[in-house]
Amino acid sequence: HAWLRTCKRIFGDLNLSDQDKRRLASRQLKGVALDWYEAITAATPEEDISWQEFKDIFKAHFLPEAERAALLRKFIDLTQKNLSMTEYVNEFNALSKYGPALISTPLEKNEKFVLGLNNELRDRLLSQLRFPFEEIVDMALRFEKVRERDSVSESQPTQKNQQQRKRPFFSKKNAKFR
């Protein structure tokens, strides 16, 4: 599927006809994909296959409907859980293409993203849904860094705590424990 998206971007830049798109795309196929295409063209002359037909049969073969449905379900159920913010953002972006109807407006996209965050971050960002997506991601990354820094500083003992943990020692001078 990523390969088709790459083709679409390149073909848009080159302003190719549909037949040229199919021809150029088919010449890029290798291995299993080439074997698949040769089997298709053995039954149907290559020039009779439009670019749209090529894309449809390519998707049907290499990303079947059941797999697309499973990826949509994964997007619907996506939450941060134990993922770092960067991992969550990457997963959100990778899966979002399977559920475009769920995030068809910037507000819907932001809401889906924020509602999947862990509680503390979600609560902080719910009032920020009107900001651009990239700014919400940046805020979430910053909050995560602050939380990580705070948790590290809380786990390190303070000087006072370290002094309290020291064992008393005997001083000959005043024969007392300190």
### Task
Name the one entry in Ile57, Ile40, Ile49, Ile76 that is surrounded by 14 or more Cβ atoms within 10 Å (Cβ to Cβ) and in contact (Cβ under 8 Å) with a residue 24 or more places away in the chain.
Ile49
### Task
Considering only segment 8-37, state which residues are open to solvent by less than 60 Å² (accessible area, probe 1.4 Å) and polar (S, T, N, Q).
Ser17, Ser26
### Query
What tally of residues in segment 62-73 results from selecting those that are surrounded by 12 or more Cβ atoms within 10 Å (Cβ to Cβ) and at pLDDT below 95?
4
## Note on the structure
Across (1) open to solvent by 60 Å² or more (accessible area, probe 1.4 Å); (2) over 17 Å from the mean Cα position of the chain (by Cα); (3) closer than 22 Å to Arg5 by Cβ, Glu108 clears everything bar (2)
### Task
Please tell me if Lys81 is touching a residue at least 12 places away in the same chain (Cβ under 8 Å), part of a helix (DSSP H, G or I), out of contact with any strand residue (DSSP E or B) (no Cβ under 7 Å at 6 or more places or on another chain) and open to solvent by 40 Å² or more (accessible area, probe 1.4 Å).
no
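The values are calculated or read from the model by the stated rules, or taken from the named source; none is laboratory data. Since we're looking at a predicted model, the values are computed, not measured. Cβ atoms come from the backbone with ideal geometry, glycine included; neighbour counts cover every protein chain shown. Calculation scope for accessible area: heavy atoms of the full protein, side chains included, ligands and nucleic acids excluded. Shrake-Rupley method; radii C 1.70, N 1.55, O 1.52, S 1.80 Å.
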